[in-house]
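*Asks:* Input: one structure, supplied below.
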There are 2 protein chains.
Amino acid sequence: MSLIVQKYGGTSVGTLDRIRNVAARAIKAHRAGNQVVVTVSAMSGETNRLVALVEDLSGGNYSKREYDVVVSTGEQVSIGLLAIAIESLGVPARSYQGWQVRFVTDSVHSKARILDVESEKIRADLAEGRIVVVAGFQGMDQEGSVTTLGRGGSDTSAVALAAALEADFCDIYTDVDGVYTTDPRIVPKARKLDRISYEEMLEMASLGAKVLQTRSVELAMKYNVPVRVLSSLEEGTGTLLTKEDDVMEQVVVSAIAFNRDEAQITVQGVPDKPGVAALIFGTLADANINVDMIIQNISASSGDTDVTFTVPKGDYKQALAILKEPVGRIGATNVTGNPDIAKVSVIGVGMRSHSGVARRMFKALSADNINIRMISTSEIKISVVIDEKYMELAVRTLHQAFELDKDAGDRVRD
Amino acid sequence: MSLIVQKYGGTSVGTLDRIRNVAARAIKAHRAGNQVVVTVSAMSGETNRLVALVEDLSGGNYSKREYDVVVSTGEQVSIGLLAIAIESLGVPARSYQGWQVRFVTDSVHSKARILDVESEKIRADLAEGRIVVVAGFQGMDQEGSVTTLGRGGSDTSAVALAAALEADFCDIYTDVDGVYTTDPRIVPKARKLDRISYEEMLEMASLGAKVLQTRSVELAMKYNVPVRVLSSLEEGTGTLLTKEDDVMEQVVVSAIAFNRDEAQITVQGVPDKPGVAALIFGTLADANINVDMIIQNISASSGDTDVTFTVPKGDYKQALAILKEPVGRIGATNVTGNPDIAKVSVIGVGMRSHSGVARRMFKALSADNINIRMISTSEIKISVVIDEKYMELAVRTLHQAFELDKDAGDRVRD
């Protein structure tokens with residue numbers, strides 16, 4: 001007998017019929033002899049409706065504590081309805097809101113972080129043969145106010161619950177049947193991965209593969225929660241997130257990720273003296289603009305250099321505008337930028353011990369005449385920024401270059 | 001400085017504009033130097049929408065615990081939005097759900113009764129200058145499950161809160177500007193009462209004057225809560241519910257109430273022996289049919305009698321059908337009935353010490369040729385059942401006969 005936490009998103013509970021389907025799935029796992037806890041999001045569209053009420057009422061200037069009171073009702077409706085659907089199919093069920101099973105969070109309303117989860121009530125219900133339904137996305141701070149975890153927080157709720165219950169599996173149901181070597185809409189030969197390490201998934205999540213929220217992957221890694229990404233539409237084994245050691249096929253490169261949501265900015269002719277970088281990035285931080293890649297070459301003999309970085313496309317114009325004045329003040333010659341770029345990354349825990357990955361990557365891009373604008377690396381990934389129009393070509397080229405369409409054993413090693 | 005609990009129904013918070021109006025009203029009382037707690041219902045239509053989700057999903061067969069989880073979200077949305085609206089007008093506010101301020105109830109889901117209310121959190125917020133917004137209609141049982149109080153429970157929430165806080169006033173905002181001597185749509189000369197005793201209000205509420213829920217009046221009487229019925233549409237002093245001793249104008253008759261929601265049933269030729277009434281009313285009770293008036297005359301020399309009573313019109317046909325068999329078994333000759341009746345009542349705490357009320361009532365009805373089918377009395381009311389078609393005439397006649405359109409001092413006394 002296993003203890004399984006299942007998580008279903010808003011689309012999966014978007015209509016009463018779909019709620020019945022989720023109920024049937026939970027019951028199937030229950031009848032197979034497992035203890036089942038289900039975490040659900042709000043019915044699709046509901047959170048947007050509630051947010052619109054708050055925005056329309058206040059014109060955008062509102063207490064986030066009260067925002068959380070309103071918005072958390074979406075999940076509350078879902079859990080009540082799902083518990084009713086499960087019981088109407090003959091299995092006893094009970095729903096809990098975040099505060100009832102003590103999802104204790106900090107007090108950062110609308111994007112709270114989970115501090116602790118009490119699992120006693122849930123364990124007692126499971127022992128009595130119930131399916132337990134828990135509201136995702138919400139918790140309670142230490143003063144007893146309702147909090148929400150921010151968009152996508154339901155994934156995090158599910159993983160936190162699985163960690164607290166020491167669940168055998170945390171099954172995240174999505175509209176895809178697992179994690180792929182890259183997006184199958186771009187590379188039809190993309191293969192589903194049976195397993196992927198937390199580290200690789202984390203890079204993929206933060207690089208724009210929208211299967212799982214980054215926070216939930218971090219939490220899963222921290223508590224070693226066996227997360228499975230499964231399809232809510234069809235049966236399948238999905239993709240298991242696991243520790244690096246448990247990934248059986250030790251391949252060098254696991255996947256190709258990409259992201260076209262960023263823009264590039266270059267500050268030209270920056271004098272080589274202390275405090276300059278702090279001024280540039282402090283200005284952006286004050287405006288709440290996140291910076292992703294940052295590249296600064298060693299100063300040339302001229303005594304000045306260029307600093308290049310990427311920001312979200314939506315913040316591009318504002319970033320250019322607010323940098324003009326401080327950048328002029330420090331004597332930089334110009335600020336230029338390009339919103340039409342994309343980032344393509346090669347990811348794999350195996351590349352730690354293999355030096356040939358960069359060479360193969362750059363060679364493949366060069367063969368297709370794709371110009372590399374920026375390069376950034378971490379232990380398990382190499383990212384390049386290129387012109388956006390070449391993005392799909394680059395993804396296909398790299399997928400083929402690293403033979404990701406083949407079984408790991410059949411690939412050529414450097 | 002007074003402590004005031006205000007209650008607004010679903011219509012008063014039915015749109016964002018109306019929520020802003022409620023916020024403005026609460027702030028007006030706050031700026032006048034009062035401590036203000038506001039209780040609100042769900043936005044109009046919202047509770048029905050949520051109930052429909054539950055009904056459609058389950059076909060009517062559902063856990064009432066989960067029903068409460070879903071349906072209580074309506075008030076939760078209202079309190080969050082109202083708190084935001086108040087803050088956007090410049091006054092700090094904080095919202096609380098039933099469980100947060102410990103509206104402890106029994107576990108009778110969907111119609112729970114309030115056992116206790118903790119007022120500490122609310123007092124602390126008031127002391128800090130906040131307007132406190134509390135969800136009506138909901139609470140938490142002793143196991144920590146969400147409960148709801150049933151339709152109209154928000155009035156009861158407001159009164160319970162006022163009792164716990166020892167509020168100076170519990171202001172119930174409605175779509176009328178107070179309690180009238182009778183329905184002004186029937187008698188244009190009907191006068192608004194400045195004060196009415198709890199006992200009289202209780203008779204009026206249970207007799208079909210739909211201004212306040214009976215339960216809330218009972219609770220107000222028990223804890224001596226000064227309830228004011230006020231209009232949410234216009235300024236005014238409304239009607240104050242108070243102890244009998246505090247009603248300054250000691251009039252004999254205060255108001256005329258009426259009710260056309262009942263039907264009359266007569267069991268004819270009932271043998272005069274023990275157990276017969278128990279059989280009749282036991283049969284109705286088993287079918288969850290409420291009986292209101294019951295009349296049985298002293299047996300005539302024949303040894304049998306007629307038993308007449310009233311039931312809700314919606315239960316009339318079922319009541320007739322289920323009585324046929326047991327009534328035949330005990331030897332009664334027939335069951336007949338009439339759904340086209342109405343009940344008209346004269347109410348007044350002063351009639352305890354005045355014998356002339358019944359005489360004046362019957363004389364007035366007789367002068368208009370209105371036949372009385374049944375009579376029932378309590379300490380402070382006399383009710384008659386008449387043909388429904390004469391109801392409006394009877395109400396007008398009685399309103400005039402007791403000179404309710406005049407100031408109390410100008411009336412003729414018996």
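The values are calculated or read from the model by the stated rules, or taken from the named source; none is laboratory data. Everything quoted here is computed from the prediction, not taken from an experiment. No Cβ is skipped: glycine too gets one built from the backbone with ideal geometry, and neighbour counts run over all protein chains shown.
*Asks:* Give the stretch A:113-136 a look and list any residue that's within 26 Å of the chain's Cα centre (by Cα) and either surrounded by fewer than 23 Cβ atoms within 10 Å (Cβ to Cβ) or over 13 Å from A:Gln100 (Cα atoms) (or both), or say none.
*Replies:* A:Arg113, A:Ile114, A:Leu115, A:Asp116, A:Val117, A:Glu118, A:Ser119
*Asks:* Considering each of A:Leu233, A:Leu240, A:Leu219 in turn, give the residue that is part of a loop (DSSP other than H, G, I, E, B) and in contact (Cβ under 8 Å) with a residue 40 or more places away in the chain.
*Replies:* After ruling out the rest, the residue left standing is A:Leu233.
*Asks:* Scan the stretch B:148-160 and report the pairs whose first residue is under 17 Å from B:Leu50 (Cα atoms) and whose second residue is surrounded by fewer than 24 Cβ atoms within 10 Å (Cβ to Cβ) and of a type in the set (Ser, Thr, Tyr), with Cβ atoms within less than 6 Å and a gap of 6+ or a chain change.
*Replies:* Close Cβ pairs (under 6 Å, with a partner that is surrounded by fewer than 24 Cβ atoms within 10 Å (Cβ to Cβ) and of a type in the set (Ser, Thr, Tyr)) amount to B:Thr148/B:Ser110.
*Asks:* Filter the stretch B:260-311 down to the residues that are among the aromatic types (Phe, Trp, Tyr) and in contact with a strand residue (DSSP E or B) (Cβ under 6 Å, 6 or more places away or on another chain) and list them by number.
*Replies:* B:Phe309
For every residue, the table says whether it meets (1) within 13 Å of chain B (Cβ to nearest Cβ); (2) surrounded by fewer than 24 Cβ atoms within 10 Å (Cβ to Cβ); (3) over 19 Å from A:Gly153 (Cα atoms).
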site: A:Asp17; (1), (2), (3): yes, yes, yes
site: A:Val36; (1), (2), (3): no, no, yes
site: A:Val69; (1), (2), (3): yes, no, no
site: A:Ser72; (1), (2), (3): yes, no, no
site: A:Pro92; (1), (2), (3): yes, yes, yes
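*Asks:* Residues in the stretch A:368-382: is at least one buried (at least 17 other Cβ atoms within 10 Å of the Cβ) and in contact with a Lys or Arg (Cβ under 6 Å, 6 or more places away or on another chain)?
*Replies:* No, the stretch A:368-382 contains no residue that is buried (at least 17 other Cβ atoms within 10 Å of the Cβ) and in contact with a Lys or Arg (Cβ under 6 Å, 6 or more places away or on another chain).
*Asks:* Identify the single condition in (1) surrounded by 23 or more Cβ atoms within 10 Å (Cβ to Cβ); (2) at the interface with chain B (Cβ under 9 Å from one of its Cβ atoms) that A:Ser145 does not satisfy, given that it satisfies every other one.
*Replies:* (1)
*Asks:* A further question follows. Would you pick out the residues in the stretch A:262-286 that are surrounded by 13 or more Cβ atoms within 10 Å (Cβ to Cβ) and not in a helix (DSSP H, G or I)?
*Replies:* A:Glu262, A:Ala263, A:Gln264, A:Ile265, A:Thr266, A:Val267, A:Gln268, A:Gly269, A:Val270, A:Pro271, A:Asp272
*Asks:* Which residue out of B:Val357, B:Val335 is surrounded by 15 or more Cβ atoms within 10 Å (Cβ to Cβ) and outside any helix (DSSP H, G or I)?
*Replies:* B:Val335
*Asks:* Continuing with this model, one more query. Tell me, yes or no, whether the stretch B:40-52 has at least one residue that is closer than 24 Å to B:Glu166 by Cβ and more than 9 Å from every other protein chain (Cβ to nearest Cβ).
*Replies:* Yes.
*Asks:* Having 2 or more residues that are under 30 Å from B:Pro92 (Cα atoms) and touching a His at 6+ places or on another chain (Cβ under 8 Å) is the bar; report the helices (runs of 4 or more DSSP H) wholly within the stretch A:12-89 that clear it.
*Replies:* Per the criteria, A:64-71.
*Asks:* To continue, here is another question. Restricting to the stretch B:287-304, name every residue that is hydrophobic (A, V, I, L, M, F, W, C) and either at pLDDT 85 or above or part of a loop (DSSP other than H, G, I, E, B) (or both).
*Replies:* B:Ala287, B:Ile289, B:Val291, B:Met293, B:Ile294, B:Ile298, B:Ala300 - these are the residues of the stretch B:287-304 that are hydrophobic (A, V, I, L, M, F, W, C) and either at pLDDT 85 or above or part of a loop (DSSP other than H, G, I, E, B) (or both).
*Asks:* Taking A:Ser78, is it more than 12 Å from chain B (Cβ to nearest Cβ), within 29 Å of the chain's Cα centre (by Cα) and small (Gly, Ala, Ser)?
*Replies:* Spelling it out, it is not the case that A:Ser78 is more than 12 Å from chain B (Cβ to nearest Cβ), within 29 Å of the chain's Cα centre (by Cα) and small (Gly, Ala, Ser).
*Asks:* Can you find even one residue in the stretch A:20-30 that is among the aliphatic types (A, V, I, L, M), surrounded by fewer than 24 Cβ atoms within 10 Å (Cβ to Cβ), more than 22 Å from A:Thr73 (Cα to Cα) and without any contact (Cβ under 8 Å) to a residue 12 or more places away in the chain?
*Replies:* no
*Asks:* Does A:Val211 meet the test of being in contact with a His (Cβ under 9 Å, 6 or more places away or on another chain) and modelled with pLDDT under 85?
*Replies:* So A:Val211 does not fit the description; no.
*Asks:* Would you check if there is a residue in the stretch A:242-260 being under 24 Å from A:Ala26 (Cα atoms) and surrounded by 17 or more Cβ atoms within 10 Å (Cβ to Cβ)?
*Replies:* Checked against the condition, which is being under 24 Å from A:Ala26 (Cα atoms) and surrounded by 17 or more Cβ atoms within 10 Å (Cβ to Cβ), the stretch A:242-260 yields at least one hit.
*Asks:* Only residues that are free of Cβ contacts under 8 Å to residues at least 12 places away in the same chain, of a type outside the set (Phe, Trp, Tyr) and facing another protein chain (nearest Cβ under 7 Å): list them for the stretch A:53-62, please.
*Replies:* A:Asp56, A:Leu57, A:Ser58, A:Asn61
*Asks:* Please state which of the following conditions A:Thr182 fails to meet, knowing it meets all the rest: (1) within 22 Å of A:Glu262 (Cα to Cα); (2) assigned to a loop (DSSP other than H, G, I, E, B); (3) touching an Asp or Glu at 6+ places or on another chain (Cβ under 9 Å).
*Replies:* (3)
*Asks:* Any chance the stretch A:174-183 includes a residue that's modelled with pLDDT of 95 or more and not β-branched (Val, Ile, Thr)?
*Replies:* no
*Asks:* So which residues in the stretch A:94-122 are in a loop (DSSP other than H, G, I, E, B), within 18 Å of A:Val5 (Cβ to Cβ) and more than 14 Å from chain B (Cβ to nearest Cβ), if there are any at all?
*Replies:* Within the stretch A:94-122, A:Ser119 is the sole residue that qualifies.
*Asks:* For the stretch A:309-332, which positions are surrounded by 14 or more Cβ atoms within 10 Å (Cβ to Cβ) and at pLDDT below 90?
*Replies:* A:Pro326, A:Val327, A:Ile330, A:Ala332
*Asks:* State all residues of the stretch A:123-159 that are part of a helix (DSSP H, G or I) and out of contact with any Phe, Trp or Tyr (no Cβ under 7 Å at 6 or more places or on another chain); if no residue qualifies, say none.
*Replies:* Listed by number, the residues that qualify are A:Arg123, A:Ala124, A:Asp125, A:Leu126, A:Ala127, A:Asp155, A:Thr156, A:Ala158, A:Val159.
*Asks:* Write out, first by first residue and then by second, each pair whose Cβ atoms fall under 9 Å of each other, whose residues are 6+ apart or on separate chains, and whose first residue, in the stretch A:393-406, is assigned by TED's automatic domain parsing to the domain that holds A:Ala255 while the second is part of a helix (DSSP H, G or I) and of a type in the set (Val, Ile, Thr).
*Replies:* Close Cβ pairs (under 9 Å, with a partner that is part of a helix (DSSP H, G or I) and of a type in the set (Val, Ile, Thr)) amount to A:Phe402/A:Val357.
*Asks:* Using the structure shown, decide if B:Tyr180 is surrounded by fewer than 20 Cβ atoms within 10 Å (Cβ to Cβ) and among the aromatic types (Phe, Trp, Tyr).
*Replies:* Here the answer is no, as B:Tyr180 does not meet what is asked.
*Asks:* While we're here: Tell me whether the stretch A:196-204 contains one or more residues that are part of a strand (DSSP E or B) and either among the small types (Gly, Ala, Ser) or free of Cβ contacts under 8 Å to residues at least 24 places away in the same chain (or both).
*Replies:* yes
For every residue, the table says whether it meets (1) surrounded by 21 or more Cβ atoms within 10 Å (Cβ to Cβ); (2) at pLDDT 95 or above.
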{"residue": "A:Thr39", "(1), (2)": "yes, yes"}
{"residue": "A:Ser44", "(1), (2)": "no, no"}
{"residue": "A:Arg49", "(1), (2)": "no, yes"}
{"residue": "A:Ala85", "(1), (2)": "yes, yes"}
{"residue": "A:Trp99", "(1), (2)": "yes, yes"}
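*Asks:* Checking B:Arg65 against (1) surrounded by fewer than 24 Cβ atoms within 10 Å (Cβ to Cβ); (2) at the interface with chain A (Cβ under 9 Å from one of its Cβ atoms); (3) more than 14 Å from B:Ser145 (Cβ to Cβ), which test does it fail?
*Replies:* (3)
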